[in-house]
Amino acid sequence: MRILYISVDSRHLETLLWVVRLGGISAAAHHLNLTQPAVTRRIQELERELGAKVLRRQGRTVVPTPLGQSCLIGAERILSEVETMKIAAVGDAAVGTIRVGVVESIALTWFQSFLTRIEQRYPRVQLEIDVDLSSRLASKLARHQIDIALVPGPVELAGTMRLPLGSCALRWLGHPHFCPGDQDLTAVALAELPIIGLPQDANAYHSMVDWFDEARVSPRLVHRCNSFSVVALLVRSGVGVSLLPPELFAGDLEAGTLKVLIEHPKAVDMDYSAAYLSVTDNPLLAEVAALAREESWFLAAPRTRAKRSGAEFFLAP
């Protein structure tokens with residue numbers, strides 16, 4: 001029985017991996033900081049080493065052949081191990097870029113302390129920060145346009161690692177003039193007020209829809225805005241009401257400039273997580289997710305969160 005050993009350059013495997021992940025030679029070249037001819041040359045050299053094609057065209061993109069798919073499995077494992085050894089060797093001297101996707105409610109609260117922890121632990125690692133809605137960040141994660149996402153709600157992607165970041169309550173908040181006195185609004189009365197929410201592809205929007213379904217009422221008027229901070233500003237100004245985390249508005253609630261308008265039915269708490277693809281060539285992501293968990297306000301006790309979110313909160317009056 002003859003056993004054939006084939007020596008394959010790890011750079012060729014890395015190139016194949018990114019061509020498949022990004023769907024084309026041009027995108028892979030941009031990611032790897034190479035010219036398109038250089039990427040093509042690496043793929044051709046890999047095919048010569050293996051004696052068969054590893055890619056084929058499918059419309060405007062390229063996809064792996066059966067042999068290419070087999071190579072990818074080994075490539076992901078080998079490159080991950082290589083990167084792990086590099087990080088272990090350099091420790092705090094790790095160099096590179098991590099693309100972090102984050103929703104605005106995190107970006108404008110505890111993200112600063114998270115960023116400080118990254119800088120302290122990996123002073124030569126830079127972050128590319130992408131602030132967007134949760135569903136859009138999940139799509140970017142699936143397309144490898146970001147490396148890790150700090151988001152609310154479920155991340156339903158195959159091969160995704162998720163580290164829980166805690167949860168926060170959601171309540172209907174509004175200016176006191178909508179509900180003078182100590183009485184709560186009824187669900188019917190709340191539905192008559194102008195509602196301000198996030199767009200339909202935000203998890204908070206679906207929490208709002210679920211609340212109205214449970215209350216068996218329909219809102220008369222719903223304004224949608226893609227900025228959490230603008231939603232908060234409009235609610236503070238008395239333009240409308242919104243389903244928001246009261247612990248992030250503790251200062252307003254204590255000062256009486258905002259109030260919880262209705263207690264029942266209660267909205268389901270919003271869970272948050274750090275999500276990244278399990279098959280990755282960046283071994284720092286697990287550590288980055290762990291640092292996010294350590295800094296997350298959503299894991300703190302309610303009293304601690306309220307203290308943190310007072311004068312420090314980005315929207316504090």
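Please count how many residues of region 252-270 are open to solvent by less than 30 Å² (accessible area, probe 1.4 Å), outside any loop (DSSP other than H, G, I, E, B) and in contact with a Phe, Trp or Tyr (Cβ under 8 Å, 6 or more places away or on another chain).
2
Please specify each residue of region 19-37 satisfying the condition of being within 20 Å of Thr97 (Cβ to Cβ), open to solvent by 10 Å² or more (accessible area, probe 1.4 Å) and assigned to a helix (DSSP H, G or I).
Across region 19-37, the qualifying residues are Arg21, Leu22, Ser26, Ala27, His30, His31, Leu32.
Within region 157-172, does at least one residue satisfy the condition of being without any contact (Cβ under 8 Å) to a residue 60 or more places away in the chain and not hydroxyl-bearing (Ser, Thr, Tyr)?
Residues of region 157-172 without any contact (Cβ under 8 Å) to a residue 60 or more places away in the chain: 158.
This time we only want the ones that are not hydroxyl-bearing (Ser, Thr, Tyr), so: 158.
Checked region 157-172: at least one residue is without any contact (Cβ under 8 Å) to a residue 60 or more places away in the chain and not hydroxyl-bearing (Ser, Thr, Tyr).
When you scan region 130-232 for strands (runs of 3 or more DSSP E) that lie fully inside it, which ones turn up with 1 or more residues that are in contact with a Cys (Cβ under 9 Å, 6 or more places away or on another chain)? Talk me through it step by step, then tell me what you get.
Working: elements: 148-152, 160-168, 171-174, 194-197, 221-224.
Per the criteria, 148-152, 194-197.
Is it true that some residue in region 210-223 is under 22 Å from the mean Cα position of the chain (by Cα) and either open to solvent by 30 Å² or more (accessible area, probe 1.4 Å) or closer than 19 Å to Ala267 by Cα (or both)?
Taking region 210-223 first, the residues under 22 Å from the mean Cα position of the chain (by Cα) are none.
No, region 210-223 has no match at all.
So which residues in region 38-51 are exposed (fewer than 14 other Cβ atoms within 10 Å of the Cβ) and touching a Cys at 6+ places or on another chain (Cβ under 9 Å), if there are any at all?
Those that are exposed (fewer than 14 other Cβ atoms within 10 Å of the Cβ) and touching a Cys at 6+ places or on another chain (Cβ under 9 Å): none in region 38-51.
Which of the residues that make up region 175-209 are over 18 Å from Ser134 (Cα atoms) and either open to solvent by 50 Å² or more (accessible area, probe 1.4 Å) or free of Cβ contacts under 8 Å to residues at least 40 places away in the same chain (or both)?
Scanning region 175-209 gives His175, His177, Pro180, Gly181, Asp182, Gln183, Asp184, Thr186, Val188, Ala189, Ala191, Glu192.
Going through region 8-18 one residue at a time, which ones are crowded, with 17+ Cβ neighbours inside 10 Å and under 12 Å from Cys71 (Cα atoms)? Give the steps one after another, and end with the answer.
Within region 8-18, the first condition is being crowded, with 17+ Cβ neighbours inside 10 Å, and the residues that meet it are 12-18.
Selection gives His12, Leu13, Glu14, Thr15, Leu16, Leu17.
Would a scan of region 123-134 turn up a residue that is buried (at least 18 other Cβ atoms within 10 Å of the Cβ), basic (Lys, Arg) and either in contact (Cβ under 8 Å) with a residue 12 or more places away in the chain or touching an Asp or Glu at 6+ places or on another chain (Cβ under 9 Å) (or both)?
For region 123-134, residues buried (at least 18 other Cβ atoms within 10 Å of the Cβ), basic (Lys, Arg) and either in contact (Cβ under 8 Å) with a residue 12 or more places away in the chain or touching an Asp or Glu at 6+ places or on another chain (Cβ under 9 Å) (or both): absent.
So which of Gln112, Gln69 ends up being open to solvent by 60 Å² or more (accessible area, probe 1.4 Å), at pLDDT 80 or above and closer than 25 Å to Ile129 by Cα? Outline the logic, then answer.
Numbers: Gln69 fails: closer than 25 Å to Ile129 by Cα.
Gln112 is the lone residue from the list that is open to solvent by 60 Å² or more (accessible area, probe 1.4 Å), at pLDDT 80 or above and closer than 25 Å to Ile129 by Cα.
The values are calculated or read from the model by the stated rules, or taken from the named source; none is laboratory data. Source: prediction; values computed, not measured. Neighbour counts run over all protein chains shown; Cβ positions are idealised from the backbone, glycine included. Ligands, DNA and RNA are excluded from the accessible area calculation, which covers all protein heavy atoms including side chains. Shrake-Rupley method; radii C 1.70, N 1.55, O 1.52, S 1.80 Å.
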